[in-house]
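Below: one structure, written as structure tokens.
The values are calculated or read from the model by the stated rules, or taken from the named source; none is laboratory data. If you're wondering where the values come from, they're calculated on a predicted model, not measured in any experiment. Cβ placement follows ideal geometry from the backbone for every residue including glycine, while neighbour counts extend to all protein chains displayed.
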């Protein structure tokens with residue numbers, strides 16, 4: 001969404017009118033509301049703080065615009081200031097939406113996380129078994145710590161009810177813990193493989 005400025009003959013740019021700015025603010029507010037609704041549906045309300053702030057600023061700008069008299073000198077200056085703030089806010093909202101659309105790609109369901117943990121535990125158990133058969137038990141300690149960590153996260157996930165706001169927030173936290181456990185396990189597996 002780009003706010004439009006009108007070109008006049010001679011290359012001069014006409015400032016947006018009060019009505020134009022109100023329409024632009026409403027369009028931007030609709031975009032923010034739509035994105036916040038998506039986050040709420042996905043259980044990621046906590047990621048929308050930037051958009052929530054933008055929504056507050058937009059409401060304030062709309063109120064200022066409605067009370068503005070653009071025929072006075074002060075009104076003209078205020079109209080110009082509101083236009084500048086609105087265009088800046090639009091840029092920030094677009095950046096926030098782009099950032100959030102990238103975060104939607106990550107795994108975020110309980111079942112996905114449980115499957116990932118199961119896969120990781122299977123890999124780790126196979127590596128432990130191979131190390132023990134080859135008598136390289138010193139390398140097993142790191143893998144055992146990763147296995148214990150992942151089993152703890154798995155236990156927490158099993159009891160989690162991701163339908164509540166708190167459950168959804170906890171699911172995001174557990175997603176981060178699974179990623180940490182996955183990284184630690186991969187590092188331990190590399191060490192173990194170099195010992196095979």
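Out of all the residues in region 137-182, which are without any contact (Cβ under 8 Å) to a residue 60 or more places away in the chain, touching a helix residue (DSSP H, G or I) at 6+ places or on another chain (Cβ under 8 Å) and assigned to a loop (DSSP other than H, G, I, E, B)?
160, 161
Could you please find all residues in region 78-105 being farther than 20 Å from residue 26 by Cα and surrounded by 11 or more Cβ atoms within 10 Å (Cβ to Cβ)?
Listed by number, the residues that qualify are 99, 100, 101, 103, 104.
Using the structure shown, decide if residue 193 is surrounded by 12 or more Cβ atoms within 10 Å (Cβ to Cβ) and either within 11 Å of residue 120 (Cβ to Cβ) or modelled with pLDDT under 80 (or both).
When the stated conditions are applied, residue 193 passes them.
Using beta carbons and a limit of 8 Å, which pairs, at least six apart or on different chains, have the first residue in region 85-108 and over 17 Å from residue 52 (Cβ atoms) and the second one modelled with pLDDT under 60 and surrounded by 12 or more Cβ atoms within 10 Å (Cβ to Cβ)?
Between residues of region 85-108 that are over 17 Å from residue 52 (Cβ atoms) and residues that are modelled with pLDDT under 60 and surrounded by 12 or more Cβ atoms within 10 Å (Cβ to Cβ), the close pairs are 86/3; 87/3.
Here is a yes/no grid of residues against (1) crowded, with 16+ Cβ neighbours inside 10 Å; (2) farther than 28 Å from residue 44 by Cα; (3) within 21 Å of the chain's Cα centre (by Cα):
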{"position": "115", "(1), (2), (3)": "no, no, no"}
{"position": "120", "(1), (2), (3)": "yes, no, no"}
{"position": "128", "(1), (2), (3)": "yes, yes, no"}
{"position": "133", "(1), (2), (3)": "no, yes, no"}
{"position": "136", "(1), (2), (3)": "no, yes, no"}
{"position": "159", "(1), (2), (3)": "no, no, no"}
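Just to check your reading of the model, which residue among 129, 83 is modelled with pLDDT of 85 or more and within 30 Å of residue 17 (Cβ to Cβ)?
Sole residue among the options that is modelled with pLDDT of 85 or more and within 30 Å of residue 17 (Cβ to Cβ): 83.
Out of 63, 69, report the one residue that is part of a loop (DSSP other than H, G, I, E, B) and free of Cβ contacts under 8 Å to residues at least 12 places away in the same chain.
Working: 63 fails: part of a loop (DSSP other than H, G, I, E, B).
Checking each option against the conditions leaves just 69.
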